[in-house]
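Engineer: Please see the structure below; I have some questions.
The values are calculated or read from the model by the stated rules, or taken from the named source; none is laboratory data. Predicted model, so just to flag it, every value in this text is computed and none were measured. Don't worry about glycine lacking a Cβ; one is built from the backbone with ideal geometry, like all the others, and counts go over all protein chains shown.
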Ligand SMILES: [Fe+2]
């Protein structure tokens, strides 16, 4: 994927995709500009040439722009083609989860019981997650600044996109979409332990004023919550949401170079979000990951 450079670029929360903001004048004024940027698609985005997709995607983004915390989340108008895309992704990813997901994730996905036959609405998933861990989901129009995304975690709020990837690339999205948010983040947030870790990241970020320290925390988030793996029964299993929301990433993780679970090293490790991840940090167990990440974050706070 080619990259643009320039002042208009934003970095995604943990996914760190580079995007530009739209100049579409038909869009409403931002009520919270730091959370509600409409994304202008890059020419190599799979949906760039599909005018109908772009219109609907922007209409879904507008839902978030009119959203105020505490109000019911309006439903997104998904098409039958998009529901079909969700069904086909779930058919592919279900068996990949059974082979590659850690036990905590498999328990969570059973507990959350997301529908297979349609894209669930954020409203219903948020209510379910909140009843399980206290975390809630709130819609955003697109990618947000890392600090905005990470700080919201301190309040038990996970900012989610609602649009789904283009149907032409069911196994690939250049940015977070509803598949990544729900099959990745929402499922893990049904776990009290994952909810604890996300809150802790948020509270540390809130107390961090140095841009360099924020960047290091964002890398730790990337190599754990987004792309973490652990050993279970002498096998490598995923707990990272970027892996668990992509059947391709789940298969490729077995080819990655595994490094010991050293969070200081991870905080200094560069990565490229536009390719399958060639380098992962692996803990010897879920419990080791949970304890070491908790300790690392606690000593920073
Ligand atoms: Fe993510």
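Engineer: Among 258, 183, 263, 200, which is the only one that is at negative phi, modelled with pLDDT of 95 or more and within 16 Å of the ligand (Cβ to nearest atom)?
Structural biologist: One residue alone meets the criteria, 183.
Engineer: Out of 109, 93, which single residue is over 23 Å from residue 156 (Cα atoms) and part of a helix (DSSP H, G or I)?
Structural biologist: It is 93.
Engineer: Now, a different point. Looking for whichever is more than 27 Å from residue 92 (Cα to Cα) and touching a strand residue (DSSP E or B) at 6+ places or on another chain (Cβ under 7 Å) here; the options are 266, 218, 256, 238. Which one fits?
Structural biologist: Only one candidate qualifies: 266.
Engineer: Can you name the residue in segment 141-177 that is more than 12 Å from the ligand (Cβ to nearest atom) and touching a strand residue (DSSP E or B) at 6+ places or on another chain (Cβ under 8 Å) and, of all such residues, is modelled with the lowest pLDDT?
Structural biologist: 142
Engineer: Please work out which residue is surrounded by the most Cβ atoms within 10 Å (Cβ to Cβ), limiting yourself to segment 174-226 and to residues that are more than 13 Å from the chain's Cα centre (by Cα) and not in a helix (DSSP H, G or I).
Structural biologist: 190
Engineer: Let me ask something else about it. From the list 259, 231, 193, 206, exactly one residue is over 16 Å from residue 146 (Cβ atoms) and touching a helix residue (DSSP H, G or I) at 6+ places or on another chain (Cβ under 6 Å). Which is it?
Structural biologist: None of the other options fit; the residue is 193.
Per-residue answers, yes or no, for (1) touching a residue at least 24 places away in the same chain (Cβ under 8 Å); (2) surrounded by 14 or more Cβ atoms within 10 Å (Cβ to Cβ); (3) closer than 25 Å to residue 168 by Cβ:
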| site | (1), (2), (3) |
| --- | --- |
| 81 | yes, no, yes |
| 85 | yes, yes, yes |
| 88 | yes, no, yes |
| 95 | no, no, yes |
| 105 | yes, yes, no |
| 113 | no, no, no |
| 137 | yes, yes, no |
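Engineer: Quick check on segment 232-249. Is at least one of its residues more than 16 Å from the ligand (Cβ to nearest atom), closer than 24 Å to residue 176 by Cβ and not in a strand (DSSP E or B)?
Structural biologist: Yes: one or more hits.
Engineer: Now for a different question. Looking only at segment 116-130, count every residue that is farther than 18 Å from residue 161 by Cβ and surrounded by 14 or more Cβ atoms within 10 Å (Cβ to Cβ) and tell me the total.
Structural biologist: Result for segment 116-130: 3.
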